[in-house]
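This report refers to the structure that appears directly beneath it.
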Amino acid sequence: MTTDQIILFALFAAVFAFLLWGRFRYDLVAFSALMIGVVLGVVPVKDAFSGFGHPATIVVALVLVVSAGLVRSGAVFLITRTLVDASRGLGSHIALMGGIGAVLSAFMNNVAALALLMPVDIQTARKAGRAAGLTLMPLSFATILGGMATLIGTPPNIIIASIRAEAVGTPFAMFDFAPVGGVAAIAGLAFVALVGWRLIPDRGAQAAGAEAVAQYIAELTVPQESPHIGKRLAELDETAEKTDVAILGLIRDGKRRYGRAANAILQAGDTLVMEAVPEALDEFRAALNLDFSDTRRQEVVTAAGEGLEVIEVVVPESARITGRTAQGLGLAWRQSAVLMGISRQGRRITKQVRKTEVEPGDILLLLCPRDRGPDVTDWLGCLPLAERGLNVTANDKVWLAIGLFAAAVLAASIGLLYLPIALGLVVVAYVLTKILPIAEIYDHIEWPVVVLLGSMIPLGAALESAGGTQLIAGSLISLTQGLPAWAILTVLMVVTMTLSDVLNNTATTIVAAPVGIQMARTLEVSPDPFLMAVAVAASSAFLTPIGHKNNTLILGPGGYRFGDYWRIGLPLEVLIVAVSIPAILIFWPM
C-alpha cells in the first residue's frame with residue numbers, strides 16, 4: 001500500500017470507530033476527518049469543499065424542504081385521515097401504515113416520511129389502547145424499504161446515481177431503482193406485516209414512551225360559504241374521531257350551548273368548542289376548512305406576511321394576562337396574536353376562550369406571526385414551553401402543493417429537467433405561493449447530514465484517486481474468485497449491509513459504491529448490477545438502532561432496547577438479499 005492509501009484507510013477507520021463509539025456527533029467526526037485529510041495532503045485543497053456543492057448534497061437538502069412544504073399544505077393529513085382507523089386489527093394497521101409509509105418515502109426523504117407518520121401511529125396506538133412499540137418498528141422499516149424504489153427516496157440512491165454519472169457518464173433516472181428496490185420493498189413489507197411484527201417484544205403500556213401532551217379547550221369558527229353550513233353538528237363526529245378531537249359544544253351569538261348540541265344545524269359564524277392536543281386541533285381545522293376564530297381576529301392573523309406559528313406558554317402568577325381575558329387585554333390588536341386554546345388540568349372552562357379569565361398555571365395555545373413568538377411571550381409575561389415544532393397547515397393549498405411536486409417528479413423522470421433544478425423550482429414555488437414561509441426554509445434542512453455528505457464525498461473521491469477502492473475491490477474479487485456472478489454480488493451486498501448496520505448509510509455508500517464499480521471493471525462487466533446491489537444493501541440497516549436515523553427516531557417513543565432490532569431485522573436482511581440478487585440479475589444483467 002502507498003502512504004496516501006495508508007493515511008486514507010486510517011482516516012476511514014477512525015471515522016467508523018468514532019461513529020460506532022457515538023461520543024461525538026457524526027458531522028463533527030466527518031468534518032474533522034476531512035480537515036485532517038487536507039492538512040496531511042491526501043485531499044487536495046481545491047477539492048476540500050467540493051462535496052458541499054455536490055448534487056447529492058443539494059438534493060438531500062431540497063428533498064427535506066419539499067417534504068416540509070407537503071406537510072404544511074396538509075397533503076399528508078389528507079392521506080392519513082382518509083385511510084387510518086384505530087379500530088383496525090394490529091396486523092391490518094401495520095400493513096396499511098407500512099404501505100402509506102413506503103409510498104410516501106418513495107417520493108420524500110424516508111426520514112421525513114417517518115417523522116410525519118410517527119405521531120399518527122403513536123396517536124392511533126393510544127386510541128387502540130396498545131403499546132406504540134408494537135407498530136413503530138414496522139413503520140420505521142417500511143419507510144426505509146419504500147425509499148429503495150426511487151431516486152429521491154433515500155440518500156444512498158442519490159449518491160449512487162451521482163457516482164454512476166461520474167463513472168459512465170449518465171446517472172440513474174428517477175425510477176431506475178424501482179425494479180430491484182420495488183421487489184425488495186414489497187417482499188420486505190409483506191414479511192413485516194405478516195410475520196415480522198410478531199417477533200417484537202410486547203412490554204405493555206410502559207413501552208408506549210410518548211410524553212403526555214396538554215389537552216386544550218379550544219375554539220374554531222365555521223366560515224362564510226363553508227360546505228358544512230346546514231349540516232348537523234353530529235355529522236362532524238367522524239372527522240373528530242379520526243383526528244382525536246372531542247367536540248364539547250357550540251357558541252352562537254356569543255352564547256354557549258351546553259352539552260353536545262348534537263342536533264344543532266350549523267350556521268356561518270358558529271364557533272365549535274373542542275378539546276384536543278395542538279396537532280389534532282390543526283388537523284381537524286385543516287380537514288374541515290375552519291377558521292381560527294371570529295372574522296375580526298381571523299383578519300388580524302391572516303395579515304401576517306411571513307406566515308404563522310403556534311406556541312405554547314405557561315402562565316405564572318406575575319404574568320400580565322393573569323386574572324384577565326385575552327379580549328380585555330387586547331391580545332389580537334396589540335400583538336396580532338390569537339388565543340386558540342387553554343389547558344386547565346382538571347377544571348372546566350365554560351366561557352368563550354377569549355373571554356375566559358386566565359389563571360396561574362394555565363397553559364395557553366397562541367397563534368402569532370412567525371418569529372414573533374418570543375416577543376408575544378415576553379409581553380404577556382409568560383414562560384415558553386419546550387419547542388415542539390408546531391405548525392399551521394395551509395390546507396387551502398393542498399392540491400397546489402401536490403401538483404407542483406408531481407410536476408417536478410414527472411419533469412425529472414422524463415429527463416425534461418435535472419432533478420436538483422426541478423426540486424429547486426418546487427421550493428421557489430412553495431415560497432412564492434406561501435405554502436412554506438421563507439423564514440422556515442433553513443429550519444427544515446438537516447445541516448448535520450449536509451455536513452456529513454459534504455465532508456465524506458471528498459474523502460471518498462480521494463480514496464478512489466489513491467487506488468484505495470481498487471485495493472478493496474481486488475481483495476473481494478480474490479475472495480470470490482471462481483464463484484458465479486450471483487455469489488459475487490451476494491458477498492458485496494453482505495459486506496455493504498454489515499457496514500450499514502453500524503455506520504451511517506451515506507458513509508457506507510460513499511465507500512462501497514466505488515468498490516462495486518472497481519469490481520465490475522476488474523471482471524469486465526457492467527457496473528450497474530454492482531451499484532444496484534450497493535444501493536439496496538446500504539439502505540438495508542435493520543439490525544441496530546444506529547444503522548439508520550429512522551431506527552434511532554423510534555428508539556425512545558417505542559420503548560425499545562438495542563437488542564430488539566435484530567429479532568425482526570436479521571430475517572428481514574436475509575430476505576432482502578434473497579430477493580434482490582435474482583432481481584438484479586434479471587433487470588440489470590452483467
* **Of all residues in the range 444-475 being closer than 14 Å to residue 30 by Cβ and not aliphatic (A, V, I, L, M), the one that is surrounded by the fewest Cβ atoms within 10 Å (Cβ to Cβ)** => 447
* Asked: Within the range 151-158, is there a residue that is of a type in the set (Ser, Thr, Tyr), open to solvent by 50 Å² or more (accessible area, probe 1.4 Å) and either under 24 Å from the mean Cα position of the chain (by Cα) or within 26 Å of residue 66 (Cα to Cα) (or both)?
  -> no
* Quickly run through the range 36-49 and pick out the residues that are open to solvent by 60 Å² or more (accessible area, probe 1.4 Å) and within 34 Å of the chain's Cα centre (by Cα). => 36, 49
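A quick yes/no check of all residues on (1) of a type outside the set (A, V, I, L, M); (2) modelled with pLDDT of 80 or more; (3) closer than 23 Å to residue 168 by Cα:
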| position | (1), (2), (3) |
| --- | --- |
| 480 | yes, yes, no |
| 493 | no, yes, yes |
| 507 | no, no, yes |
| 516 | yes, yes, yes |
| 519 | no, yes, yes |
| 522 | yes, yes, yes |
* Structure fact -> Counting only residues that are open to solvent by less than 10 Å² (accessible area, probe 1.4 Å) and either β-branched (Val, Ile, Thr) or without any contact (Cβ under 8 Å) to a residue 40 or more places away in the chain (or both), the range 550-578 contains a total of 3
* Can we say residue 124 is over 30 Å from residue 161 (Cα atoms), at pLDDT below 85, of a type in the set (Ser, Thr, Tyr) and not in a loop (DSSP other than H, G, I, E, B)? -> yes
* For residue 118, state whether it is open to solvent by less than 10 Å² (accessible area, probe 1.4 Å) and touching a helix residue (DSSP H, G or I) at 6+ places or on another chain (Cβ under 8 Å). => no
* Asked: Of all residues in the range 439-471 being modelled with pLDDT of 80 or more and of a type in the set (Val, Ile, Thr), which is nearest to residue 370 (Cα to Cα)?
  -> 441
* Could you list, in sequence order, all residues of the range 17-44 that are among the aliphatic types (A, V, I, L, M) and closer than 23 Å to residue 446 by Cβ? => 19, 20, 28, 29, 30, 33, 34, 35
* Kindly indicate whether residue 304 is modelled with pLDDT of 80 or more and hydrophobic (A, V, I, L, M, F, W, C). => no
* To do: Could you please tell me which pairs satisfy a Cβ distance under 8 Å, a separation of 6+ or placement on different chains, a first residue in the range 20-36 that is part of a loop (DSSP other than H, G, I, E, B), and a second residue that is of a type in the set (A, V, I, L, M)?
  => 22/546
* the range 60-74 - residue that is of a type in the set (Val, Ile, Thr) and more than 20 Å from residue 457 (Cα to Cα) and, of those, modelled with the lowest pLDDT -> 71
* Consider residue 162 carefully, then state whether it is free of Cβ contacts under 8 Å to residues at least 12 places away in the same chain, of a type in the set (Gly, Ala, Ser) and open to solvent by 10 Å² or more (accessible area, probe 1.4 Å). => no
* Asked: Out of all the residues in the range 410-438, which are open to solvent by 40 Å² or more (accessible area, probe 1.4 Å) and either farther than 30 Å from residue 34 by Cα or not in a helix (DSSP H, G or I) (or both)?
  -> 410, 414, 415, 416, 417, 418, 425, 428, 432, 433, 434, 438
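The values are calculated or read from the model by the stated rules, or taken from the named source; none is laboratory data. Worth saying up front: this structure is predicted, and the values here are computed from it rather than measured. We place every Cβ from the backbone using ideal geometry, glycine too, and count neighbours over all the protein chains shown. Note: areas computed on protein heavy atoms with side chains; ligands, DNA, RNA excluded. Shrake-Rupley method; radii C 1.70, N 1.55, O 1.52, S 1.80 Å.
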